[in-house]
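Let me begin by presenting the structure, written as structure tokens, before commenting on it.
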Amino acid sequence: MEVRRHIEVSGIVQGVGFRPYVYRLATGRHLTGTICNTAAGVTIEVQGPCEAVQDFVDHLPTEAPALARITSLSVHEAACSGDRDFRIVHSLEGEEVRTLISPDVAICPECLRELFDPRDRRYGYPFINCTNCGPRFTIVRDIPYDRSSTSMAIFPICPTCRAEYEDPLNRRFHAQPNACWDCGPRVELWDKAGRRIECRDPITEAALGIHAGLVVAVKGLGGFHLAADATSAAAVFLLRERKHRVEKPFAVMVPDVDAVREICEVDETAQAGLESVQRPIVLLPKKTPTPIAEAVAPFNRYLGVFLPYTPLHHLLLREGGFKALVMTSGNLSEEPIAIDNREAVLRLDGLADYFLVHNRDILLRCDDSVVRIAGGVTRQLRRSRGFVPVPVFLKNEQTSVLAVGGELKNTICLTKGRHAFLSQHIGDLENVESYSFFHEAIDHLQRILEIQPGTIACDLHPDYFSTKWAQQQRNAHVVGVQHHHAHIASCMAENHLEGRVIGFALDGTGYGTDGHIWGGEVLVAGYRDFERAAHFEYVLLPGGAAAIREPWRMAASYLAHHFGRDFLNLDIPFVHQLDRPKTELLLRMMKQEINSPLTSSCGRLFDAVSALMGIRHQVNYEAQAAIELEMAILPSDDRTAYPMELVLEGEKWIVSTRTLFQALLEDLRRNVPIGVISRRFHNGLVEALARIANLLRETTGLNRICLSGGTFYNVYLSQQLESRLLAAGFEVFTHHEVPAGDGGLSLGQAVVAAASLGAESRH
Ligand SMILES: [Zn+2]
Ligand SMILES: [Zn+2]
Ligand SMILES: [Zn+2]
């Protein structure tokens, strides 16, 4: 019996090869009907024998193209008609619809096979791509997304490529960057002055340079990398010296998962992450011994590893036979990544010996994404290339808002309907180049999404560049959102929570409503507002920003706070090693309250403990002291936890650190190993936070807990706290789609601002 079904599919189903996929699915079963793009997604009419149609419907979501994301699918009976075949139709309004732009995608297995197949017409072609793979977001100037509005516009397509482009059964149907040796972009090798080097094969030449210990700038998808041989200590040191990057870990690109297994522990989740189409940098536990130079990631048990994602990467790795290449952003420390050929030669002057460039322009920079896998769960540390501009799907429609994020690790967020579009990683706005990239990202996102919201959300910190920018916008309604409230709202939004939750917001720095620097916060929060239910006890931050760079100051601040000047008589290495004049100056500064704001920061507590234990007196990159403190933990069954007192002050619980420091000092005096002390410190925090959760459940009746803020990058703390809370019967929500740190802040700002407009949809 013939039946007909009307099927509506929404989500990311345009520009990802969905129509050709459905075409093949239908024609393969000899079904008739149509498919067309609509405002909401695609509409399919399919007709044929009952069983075949049912089989079609069953397979539709399961075999969808890698880049498609189906958010809803509805099937309705329809009256049969006289279709003779299955057609891709151009609906009237469908062609007008502005489709979502897909992110940049790693080369697919089919293209990779062709790349290394001597009989293929694209053999060795560094720009091979198809509908399932290749550049998207970074080559788009404007919408609608077709070749003329991308940086492929200057390459007239050849007849053979055009035939592929127009054939619905071809893998390259409507692949805008489709190209070949005859019609597409080409690679060149330049010297450090930007002069073209005559050679038979620029990629081979570049590989030889890397083998010789040189640094080669390689143009990737979202910007330049600086490449060096990761197994050569000399090459890595050279790169560190030139980049002015002392100890911050470098990521390495490794040919394939088997090669990764030789240097890191790889479980199933890690393998899936490494091989995913987004190809993020995945932080993995190092193996020892290892061929990787120690200087790649010193004092760190983890290594950031990623697989090649462009054909050029594959050719370079194979040509050079490299085990691993350091592939770090092509920039000086903290500046945005270079994208233009000439700009790269200027900005990377003195950093790179050669430039492996090409003539397909990168229109928008996009750094590599970074994820960490712990306990089989993937967490975003930096959500950028491969993920952007896929939106975070919200539970309800909301008024459009532009949220401009924080100051460090900035991202912005634009909401439209049920979609929250977060930008790529923008960086630290104190940096002039990053700040102009911030402007670019706002313009670009507003242009491709065709909205310019009347409401702008920003942080409460009056000195953040993002806040100042928001306040300069005329005709915009500006909503200031407290930093930690934004963290918790961000976690709520991606978990589709409504109502109120208990929120643990732990991080380094966020401007508080009392003008102090918050960072160890327990909130009872909804989207609209929050109460500060508990926080870590305030101490002085002697020297402001200097105290962040020099953790020994925080150790001195905590010790002076709890024990007065007497701490100078303690018989522990930390005190013996103190520079006496500097310390006296610091104590005077605190006594007179000069440049010493109050802080409840959790990050600074980690800094203090790290310094006190002799792990880190000064840091070379953000959160280094806390990271190395976590790395120091030794595996053991020791459940000892340093005690922390909870003191009720008015309506708020204060988490006192006095008993914690007393117990810690006692262990230091008894020469307890630092691996044990670090564990006991972490356990102490877990116990204190779990007790607060219980107290708040009693008074508020709330049973849902959100964990957010950069401190939750700490795997030990996150896992211990989560399992402790789950065991106590709480529902625990964490971040998966956006970073727990400040990279996810803009999402929270956006949903809080929308709620404050009274536009939050009904439950
Ligand atoms: Zn492909
Ligand atoms: Zn061609
Ligand atoms: Zn934060």
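Some observations on this one:
- Positions within segment 656-669 being assigned to a strand (DSSP E or B) and touching a His at 6+ places or on another chain (Cβ under 7 Å), in sequence order: none
- Within segment 689-713, being farther than 19 Å from R500 by Cα and surrounded by 24 or more Cβ atoms within 10 Å (Cβ to Cβ) holds for G710, T711, F712.
- Within the set L689, L757, the sole residue that is of a type outside the set (D, E, K, R), in contact with a helix residue (DSSP H, G or I) (Cβ under 8 Å, 6 or more places away or on another chain) and more than 16 Å from ligand 1 (Cβ to nearest atom) turns out to be L689.
- Residues satisfying the criterion are absent from segment 129-141 (criterion: more than 17 Å from G17 (Cβ to Cβ), of a type in the set (K, R), touching a Pro at 6+ places or on another chain (Cβ under 9 Å) and away from ligand 1 (no atom under 13 Å from the Cβ)).
- Number of the exception - Y123 against (1) within 16 Å of ligand 1 (Cβ to nearest atom); (2) modelled with pLDDT under 95; (3) over 23 Å from R19 (Cβ atoms): (2)
- Test: residue in segment 679-695 that is at pLDDT 95 or above, under 22 Å from Y538 (Cα atoms), small (G, A, S) and in contact with a strand residue (DSSP E or B) (Cβ under 9 Å, 6 or more places away or on another chain): yes
- Some residue of segment 175-186 being away from ligand 1 (no atom under 15 Å from the Cβ), at pLDDT below 95 and either closer than 21 Å to I339 by Cα or surrounded by fewer than 15 Cβ atoms within 10 Å (Cβ to Cβ) (or both): no
- Sole residue being closer than 24 Å to V371 by Cα and among the acidic types (D, E), chosen from E645, E737: E737
- Within segment 407-438, considering residues that are of a type in the set (G, A, S) and under 26 Å from L221 (Cβ atoms), the one farthest from ligand 3 (Cβ to nearest atom): S436
- Cβ-Cβ contacts under 8 Å between residues 6 or more apart (or on different chains), taken from a first residue in segment 161-174 that is at positive phi and crowded, with 19+ Cβ neighbours inside 10 Å to a second residue that is of a type outside the set (G, A, S) and at pLDDT 90 or above, are listed as H174/Y165.
- On the stretch given as segment 568-585, residues that are surrounded by 13 or more Cβ atoms within 10 Å (Cβ to Cβ) and part of a loop (DSSP other than H, G, I, E, B) total 3.
- The lone criterion from (1) in contact with a Pro (Cβ under 8 Å, 6 or more places away or on another chain); (2) under 30 Å from R279 (Cα atoms) left unmet by M1 is number (2).
- Residue check for D104: closer than 25 Å to H358 by Cβ and within 16 Å of ligand 1 (Cβ to nearest atom): yes
- Scope segment 586-614; condition touching a helix residue (DSSP H, G or I) at 6+ places or on another chain (Cβ under 8 Å), in a loop (DSSP other than H, G, I, E, B) and surrounded by 23 or more Cβ atoms within 10 Å (Cβ to Cβ); matching residues: M613
- The one condition in (1) closer than 30 Å to K416 by Cα; (2) part of a loop (DSSP other than H, G, I, E, B); (3) among the acidic types (D, E) that E45 fails to fulfil: (2)
- Scan of segment 716-734 for residues that are in contact with an Asp or Glu (Cβ under 7 Å, 6 or more places away or on another chain) and either surrounded by 24 or more Cβ atoms within 10 Å (Cβ to Cβ) or assigned to a helix (DSSP H, G or I) (or both), ordered by number: Y716
- Strands (runs of 3 or more DSSP E) within segment 366-443 that include 2 or more residues out of contact with any Gly (no Cβ under 6 Å at 6 or more places or on another chain) and over 25 Å from V479 (Cβ atoms): 370-374, 377-382
- From the list L332, L307, L316, the one residue that fits, being modelled with pLDDT of 95 or more, more than 13 Å from V216 (Cα to Cα) and of a type in the set (A, V, I, L, M, F, W, C), is L307.
- Residues in segment 436-478 that are modelled with pLDDT of 95 or more and among the hydroxyl-bearing types (S, T, Y): T455, Y464, S466, T467.
- Tally, over segment 380-429, of residues that are of a type in the set (D, E, K, R), under 28 Å from L303 (Cβ atoms) and either touching an Asp or Glu at 6+ places or on another chain (Cβ under 7 Å) or surrounded by fewer than 23 Cβ atoms within 10 Å (Cβ to Cβ) (or both): 4
- Tally, over segment 203-238, of residues that are touching a Leu at 6+ places or on another chain (Cβ under 8 Å) and farther than 26 Å from P336 by Cα: 1
The values are calculated or read from the model by the stated rules, or taken from the named source; none is laboratory data. In this text the structure is predicted, and so the values were computed from the model without any measurement. Glycine gets a Cβ as well: all are built from the backbone with ideal geometry, and neighbour counts include every protein chain shown.
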